[in-house]
Amino acid sequence: MKEKPLDQLYKDDVRPTSITQPFAELNGTTAVVTGASGGIGAKISEYLAQLGVTVVAVDLNDAPALHDDNTLYVQADVSSPEQTAQVVKMVESTGKRLSLWVNNAGLICRELAVDTSIEEFERVMSVNVHGTFLGSRAAYDLMKPYGTGAVVNIASINGLRVLRGRTAYGTSKTAISSLTSYLASEWAEAGVRVNAVAPGHIMTPMSVWHRLDEPARADLLASIPQRRIGQPSDIASMVAVLASPLSAYLTGQTIYVDGGVTL
């Protein structure tokens, strides 16, 4: 292949998207968000809908068939290839390009390794790791013909730092970060970017932070340099950035959105 002259390479680097409207290219596209009924998933879906994205919101729990003009709900188990295929059909039915697939669905197991049954360990791995793999593969197949798209996997600080009683969960999140790197390496030439967001302590319905007594809450806050517990909006805003042209040269990374806990 003949190399382009340097002046042409420079011209190719000029992006048409205005920096004042970084999310404009997402308007009119489709995105998939799994685990969409939870705190983080719901906020991600809400933010994307505000950007003019048609959101295919996937969750294992029952949900209305149609929430609004920009949100389509699908009840599905992300660890099932057959049910993931149904999500793909829903995406295709929108007639719009898939710009983003967010693998957010996950299970947490708050048990020591010696107390975790093989069945529970496999269940966590099935949803958290296998589900992320299946969703990412499905996203790639839909994005490759367009030569562009973003996959965002939700990891965790527990994939980097050990928290007692989180063996299955932490192991699954470590695997997600590793999977993110491998997929990004394989799919970069196809124009599909793969990154992960690793939340820190986030206030969600499934978290235990809001049930702590005052001394325990004070200890927790003291461990966070920003001295606050995160909100789902902190994660949703990062996902939006990773879906946009602002992060066009970023792939294979796990970004820790944790108020500085992992410093």
Report, by residue number, each residue of region 145-166 that is within 19 Å of the chain's Cα centre (by Cα) and in contact (Cβ under 8 Å) with a residue 40 or more places away in the chain. THR148, GLY149, ALA150, VAL151, VAL152, ASN153, ILE154, ALA155, SER156, ILE157, GLY159, LEU160
Scope region 172-211; condition within 17 Å of the chain's Cα centre (by Cα) and among the hydroxyl-bearing types (Ser, Thr, Tyr); matching residues: SER172, THR174, SER177, SER178, THR180, SER181, TYR182, THR204
If you scan region 92-126, which residues turn out to be touching an Asp or Glu at 6+ places or on another chain (Cβ under 8 Å) and within 21 Å of GLY170 (Cβ to Cβ)? ALA105, CYS109, GLU111, GLU120
Residue pairs meeting the criteria (Cβ under 6 Å; at least 6 apart or on separate chains; first without any contact (Cβ under 8 Å) to a residue 24 or more places away in the chain, in region 210-237; second of a type in the set (Lys, Arg) and loosely packed, with under 15 Cβ neighbours inside 10 Å): LEU221/ARG227
Collect the residues in region 211-227 that are of a type in the set (Gly, Ala, Ser) and open to solvent by less than 50 Å² (accessible area, probe 1.4 Å), keeping them in residue-number order. ALA216
Restricting the search to region 73-91, which residues are within 18 Å of LEU48 (Cα to Cα) and out of contact with any Asp or Glu (no Cβ under 9 Å at 6 or more places or on another chain)? VAL87, MET90, VAL91
Within region 242-263, take every residue that is of a type in the set (A, V, I, L, M, F, W, C) and touching a residue at least 40 places away in the same chain (Cβ under 8 Å) and give me the one that is surrounded by the most Cβ atoms within 10 Å (Cβ to Cβ). ALA243
Across (1) open to solvent by less than 50 Å² (accessible area, probe 1.4 Å); (2) closer than 24 Å to GLY39 by Cα; (3) under 14 Å from the mean Cα position of the chain (by Cα), SER79 clears everything bar (3)
Counting only residues that are under 27 Å from LEU250 (Cβ atoms) and in contact with a Gly (Cβ under 6 Å, 6 or more places away or on another chain), how many does region 202-229 have? 5
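The values are calculated or read from the model by the stated rules, or taken from the named source; none is laboratory data. Every value quoted in this text rests on a predicted model; they were computed, and no experiment measured them. Neighbour counts run over all protein chains shown; Cβ positions are idealised from the backbone, glycine included. We work out accessible area using only protein heavy atoms, side chains counted, and drop any ligands, DNA or RNA first. Shrake-Rupley method; radii C 1.70, N 1.55, O 1.52, S 1.80 Å.
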